[in-house]
Amino acid sequence: MVTQKGTLMTSEREKYPRRGTAERAILTAKLADRAQFIRLETVRLAQIAGAGHYTGTFSAAELFASLYYGELRYRPDQPDWPDRDRFVLSKGHAAIGLYPVLADVGFFERELLDDYTRLGSAFGDHPDMRKISGVDFSSGSLGHGLSISVGMALAGRVQGRDYRTYCMVGDGEMAEGQAWEAAMAAGQFRLGSLVCIVDRNHLSIDGPTEDIMGIEPLADKFSSFRWSVQRIDGHDLDAILDAYDSLEPHGVGRPQVIIADTVKGRGVRRMEANVGWHVGRLAGVDYEEVIAEIQGGLKPAPSGASHA
Ligand SMILES: Cc1ncc(C[n+]2csc(CCOP(=O)(O)OP(=O)(O)O)c2C)c(N)n1
């Protein structure tokens, strides 16, 4: 194993340290620290822009951290490395949490984010693959990322490459675009190198997903489309790492989905499970309070916040 900026750069899957070991504790502590960094940076960048997608980014913080500081194979100094794992952020509105990670691991200078969303900046509310190193696909129009990922996985097969394609989708997003056509095609083509991660935070932009367009039973739906399914607590870093470890060897096999039950807004009490903060703006003392709250670390999730 070669490490570069703390990132696993393996050509073959290696198991994470086992639960309960000191090495595992060190890794999860690092990932928790990076998830906190993602939340803090999200609040900072939203302040520069004047508003931001807080809650759908906070629900994905542990997922982002575990992907970029543990799971994905990439080379920041060679963003187009053909054998890199692909990552498609289909729920593109969470880019505000992805940019700081890409900067932190070395794709670009962190100072570039100081002009987030300003005129001339490459960094908008949604990610642009033509402008931002490390972004594999432009997104923001929901419901398309999984189809794109199917194409990337197929391309890898045609080219004989062993990368995986990871696609993060929102649960509300699963009612949009070509999500289920992509799911069906992935099963048909036996795209074992495709990993879909559903940020199952139970809220869409304006209400609970099950009121707007119910997607349960989600695991059964994916299974019936011939996917291999895992369902985990998406804020539990041990559970996330175990899920990655449990991915079947890629090749010709079932595509794999990790349904991550999360809490929208996790980490900031006033935002947790609160649909009103999908896009929002913090001002003055509220901003200071939220920064302090995040710096204080994750508190237990309020009961009933996750509808899992
Ligand atoms: C095609 C399309 N329709 C609508 C929107 C507007 N929109 C932005 S975020 C969002 C909610 C998506 O819900 P979900 O996927 O659950 O995102 P999360 O809760 O994880 O932020 C919507 C409808 C969009 N970006 N693209």
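What follows is calculated from the coordinates using simple rules that are stated; it is not laboratory data. Because the structure is a prediction, the values reported are computed rather than measured. Using ideal geometry, Cβ is built from the backbone for each residue, glycine included, and neighbour counts are taken over all protein chains shown.
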Once you put a point 7 Å from the Cα of Met213 and another 7 Å from the Cα of Leu298, both along the Cβ direction, what distance in nm separates them?
2.9
For the range 27-125, what size does the Cα cloud have along each of its three principal axes, sorted from largest down, in whole Å?
36, 29, 24
Starting from the amide H of Arg231, placed 1.01 Å from N in the peptide plane, find each other amide H under 5 Å away whose residue is 5 or more places distant or on another chain.
Ile259
Only four residue types carry charge here, +1 at the Cβ of Lys and Arg and -1 at the Cβ of Asp and Glu. Report the dipole size of the chain about the Cα centre in Debye, rounded to the nearest 20.
600
Radius, Kirkwood style, for the range 178-258 when every pair of distinct Cα atoms is counted (Å)
13.5
Quick check: convex hull of the Cα atoms in the range 166-308, volume per residue, rounded to a whole Å³?
111
Taking every other residue with Cβ under 10 Å from the Cβ of Ala122 and scoring Lys and Arg +1, Asp and Glu -1, one gets 0
Rounded to the nearest 0.05, what FRET efficiency do Asp83 and Asp286 have when you use their Cβ-Cβ distance and R0 = 51 Å?
0.70
Report, ordered by chain and residue number, the lysines lying within cross-link reach of Lys15, taken as a straight Cα distance under 27 Å and ignoring same-chain residues fewer than 8 apart.
Lys5, Lys30
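What translational D, rounded to a whole number of µm²/s, comes out for the chain from Stokes-Einstein when the hydrodynamic radius is the Kirkwood one over Cα pairs, at 4 °C and 1.567 mPa s? Don't skip to the end; give the middle numbers.
Numbers: Rh = 19.3 Å.
Rounded to a whole number, D works out at 67 µm²/s.
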Name the lysines eligible as straight-distance cross-link partners of Lys264: C-alpha to C-alpha under 16 Å, and not fewer than 8 places from it in the same chain.
Lys91, Lys299
Among Ala155, Ile38, Ala219 the positive-end extreme of the charge dipole of the chain (Cβ point charges)
Ala155
